[in-house]
Amino acid sequence: MADPLSEDDILEAIARHIGRPGQGPQLRRTGADISRLPMLDLRIVRCMEIRTTRQETRPGTYDTSGLPVYEGDLQDHPVEPPKDPAVSRTVQLVLRGSVRTLPCGCDDGRQPCSRCRAKGKLRCDIGPVCPACKGEEPCTWCDGTGERRRKRATAGSAREKPPAGRTTCVKCRKPRTACPECLGRGTKKCPQCDDTGFRVCPVCEGERSTEHTPCGGTGLVTLWTGGSVRQAPERTSLKRPEQAPPLRVRQQTGRAGAWERDILTSAGDPLPDGLDPAHAEAVEPVLAVRQGEVARRVDIARLQLAAVTIPDDPDHVFYVFPGHDGPQVLPVWSRRRSLRVAAVVAGVVVLVLLVVALV
């Protein structure tokens, strides 16, 4: 562990930064105020485990020899956690002695077709409308019904000369009454059923039955009690101080800070030496073992940070932290200066609005 920066180190670093090297003690005498703000970035990855059992079913004779076997209660069976607790995985197991292959109970691997209700065929839709008569007057005698249409003219008018170009109707057999394209049907010949009114069921292809899905057409099913061990990461983080420093400070300390880092891999590992007492108090409850936890990795990063104000420069707060090449200093506007700048900006905005209103 690196030694924390002393107050003398902090003040001398500020003196060098403002161009007054060697005058760190002078800053102390003029009333420099040092506030310690130790930073902590703690990240925990826990491997959490959930175990469940269920009845498994597979069609036919299913080989379970490739799955690990457990005996008794699944909760008592040892399963190694992954080497990296951030890795997710699921281990499937088989209860010893639970595997059975039984008859399915179907009709030799077949089941009645649900689409055609085991008939092998379906009713066919009416064919496309005749392009010549549009289906409106396929036969002047029966209108495509095969029977003399109602409200037909009197017998005398029926002997009138039929329309030219008509042919014998296939429905009522009346000569020179039907559309020559559809022969009185009103539709073109159906390409699916050849005008029989029925077509082959596309599901069973006329066989009236289909393969029984639960057994895959084998007539057998394999049953067993399966165990599942699900291991998945769960992440927790803790940052201090609770009132975070300004964004610029966080960014700069992340880039240039000489953070001390420790990794804990067991719930019994002690906390690092030199951890700030307030941080240790906040960390201990976060590190408590949780139900279902089987592995962990705790990354602890800490950095000594100090905020310094000096009477000679009331417009800045100087943040000092250890860097890779010695103490680093980052001046940030003080609250006083920020409020003053904000007031000036607000005054300019008001002035502009007044000018615009007058124009």
Candidates per GluC sites (Glu not before Pro) in region 56-141, loop by DSSP, up to 11 other Cβ within 10 Å: 71, 136
Separation between the residue 234 and residue 64 pseudo-spin-labels, each 7 Å from Cα along Cα→Cβ, expressed in nm? 3.0
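In whole percent, what relative contact order does the chain give with Cα contacts below 8 Å and a gap of six or more residues?
Relative contact order comes out at 30 percent.
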Integer Hz, Karplus 6.51/-1.76/1.60 couplings in order for region 245-253, x for Gly and Pro: x, x, 4, 4, 5, 4, 5, 5, 5
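Taking the Cβ-Cβ separation of residue 96 and residue 286 as r and a Förster radius of 51 Å, what is the calculated FRET efficiency to the nearest 0.05?
Computed FRET efficiency for residue 96 and residue 286: 0.80.
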Check which residues have an amide H placed less than 5 Å from residue 129's amide H, if you skip close sequence neighbours. 188
Select from 147, 12, 211 the residue whose mean-square fluctuation is largest in a Gaussian network model of the chain (Cα-Cα springs shorter than 10 Å). 147
If I model a spin label as a point 7 Å beyond the Cα along the Cα-Cβ vector, how far apart are those points for residue 335 and residue 247 in nm? 2.0
In Å, the Kirkwood hydrodynamic radius of region 65-116 over pairs of distinct alpha carbons? 15.3
Normalised by the residues of region 1-154, what does the relative contact order come to in percent, with Cα pairs under 8 Å and at least six apart? 12
Take each of the peptides 291-297, 273-279, average the number of other beta-carbon atoms within 10 Å over its residues, and list them starting from the highest. 291-297, 273-279
Specify the inter-centroid distance of region 47-70 and region 332-350, based on alpha-carbon positions, in whole Å. 68
Do any GluC sites (Glu not before Pro) in region 213-289 lie in a loop, going by DSSP, with at most 16 other beta-carbon atoms within 10 Å of their beta carbon, and if so which? 242
Between residue 296 and residues 5 or more places away or on another chain, which pairs have amide H atoms under 5 Å apart, with H built 1.01 Å from N, and which residues are they? 47
Please give the length that would be gained between residue 147 and residue 168 if that part of the chain were fully extended, namely 0.36 nm times their separation in residues minus their C-alpha to C-alpha distance (nm, one decimal). 6.2 nm
Hydrodynamic calc, the chain: Kirkwood Rh from Cα pairs, then Stokes-Einstein at 10 °C with viscosity 1.306 mPa s, so D in µm² s⁻¹ is 51
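The numbers here are math on the coordinates, done by the rules we state, and not lab data. This is a predicted model, so every value here is computed, not measured. All Cβ positions, glycine included, derive from the backbone under ideal geometry; neighbour counts span all protein chains shown.
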